[in-house]
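Read through the structure below, which is laid out as structure tokens, and then see the notes.
No lab work stands behind these numbers, since they all come straight from the coordinates. Source: prediction; values computed, not measured. When we count neighbours, we look across all protein chains shown, and the Cβ atoms used for this are built from the backbone with ideal geometry, even at glycine.
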Amino acid sequence: MNSNLVTIVADVRPRQAYLAVVDFNGRFLAQMATPITSDPEQSVSKLGIAMRSLMDQHPEKTFEGAGVSLPGRVDPDTQRLILAPNLSWSGFDIKKVLQQKLKLQVEMDNDANACLLSELWFGRMDGVRNAVLVSLSEGLGTAILANGQLLSGKNGLAGEFGHIPLDPTGILCGCGLHGCWETFASSDAALRFYAELAPDARKVTIHDLLQLTEEGDKQAIQAISKQASFLGKGLRLITAAISPEVILITGALTTYWNRFGPIVENELRATMLAGTPPRLEIASGGELARLRGAAAIVLQRHSGYNRSTHPVRARA
Ligand SMILES: [Zn+2]
């Protein structure tokens, strides 16, 4: 594809947004980060300014639109964020503000959908008709490819497996219910397990915690193993509902998959209703998958392909 055509993309997370200029072959030309707070007006304004400044660094490129990956659900009709338990921006018109600042068409989607689209456009999904992607971060999001179609559902809410309670007596979730799958299997869940196991330890990030497992820290290993175990147990929700050929996992845990992947795999195997389990794989792109996915959202909407009928991927 024409490498002069690029997109400006953002991966918005509860505490930080990552920005990049990505070409239509999925290559990164520039990256930066900007802080995010619970104040949508201030945060989105700053985000727009940062995206604009990154665009201005590439005057030789043609910007074909902007893509935004969000940690919540976007209503397909209103294009507003309607469910974002870890980011209190519900109802705020992100798209309108960004379009004004960037003077570009802005496309938005849920972070898990963005990652699945990244796999479809830039990954190795040829021939796969049924897949589920599980995205681990502060929360746990999923995206569903069913019969070759990315499932959106009424109000864009299909695939909220993360908010199905595994234990109604568990801790309060951001969605208002107790003991949702994400309160056991997200990165934040692993951090909570670690704080419970090592109450005197310093406050760590998920990357610090994973590094500690590498250094042999017993409590860190226990905390991540517990997260991996609950991740595997919860996959039963997915196999029972969708029975996909492939389950793709993305998020910090996948950087230590050699160590913790087998725990997930064993739980998945143990919870199958019948038959062989789906292939369990790590999504490609790692931490960059959402940014690349945000570019795929733009590519999808501008390519003339309807993603609901033609999940055709780009070829370099
Ligand atoms: Zn919940």
Legend entry - Estimated dipole of the stretch 126-283 in Debye, rounded to 20 [Cβ of Lys and Arg +1, of Asp and Glu -1, Cα centre]: 300
Legend entry - Assigned charges on the beta-carbon of Lys, Arg, Asp, Glu; the chain dipole about Cα centre (debye): 520
Legend entry - Least to most buried among Ser186, Ser284, Ser53 (fewest other Cβ within 10 Å first): Ser53, Ser284, Ser186
Inset, instruction - Round to the nearest 10 and give me the degree value, 0 to 90, for the angle of helix 40-56's Cα axis relative to the longest principal axis of the chain. - result: 60
Inset, instruction - Compare Gly176, Gly234, Gly293 in a GNM of the chain, Cα atoms joined below 10 Å, and give the one with the largest fluctuation. - result: Gly176
Inset, instruction - Take Ser229, Ser118 and order them by how many other Cβ atoms sit within 10 Å, fewest up front. - result: Ser229, Ser118
Inset, instruction - Pop out the ³J(HN,Hα) list for the stretch 82-97 in order, Karplus 6.51 cos²θ - 1.76 cosθ + 1.60 with θ = phi - 60°, rounded to Hz; leave Gly and Pro as x. - result: 10, 8, 8, x, 9, 8, 7, 10, 3, x, 6, 8, 4, 4, 4, 4
Inset, instruction - Let me know the longest stretch in the chain that avoids all GluC sites (Glu not before Pro) found in a DSSP loop with at most 11 other C-beta atoms within 10 Å. - result: 61-214
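For the chain, calculate the relative contact order in percent as a whole number, restricting contacts to Cα pairs under 8 Å that are 6 or more residues apart. Don't skip to the answer; put the middle values down first.
Details: 654 pairs, mean separation 64.1, N = 316.
Normalised by residue count, the contact order of the chain is 20 percent.
Hey, what did the stretch 5-116 get for relative contact order, percent, Cα under 8 Å, at least 6 apart?
27
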Legend entry - Nearest 10 degrees, 0 to 90: helix 187-197 Cα axis against the chain principal axis: 30
Inset, instruction - Compute the long axis of helix 289-302 from its Cα atoms, compare it with the longest principal axis of the Cα atoms of the chain, and write down the angle in degrees, 0 to 90, nearest 10. - result: 40
Legend entry - Sorted by Cβ neighbour density within 10 Å, fewest at the top, the residues Asp111, Asp208, Asp200: Asp200, Asp208, Asp111
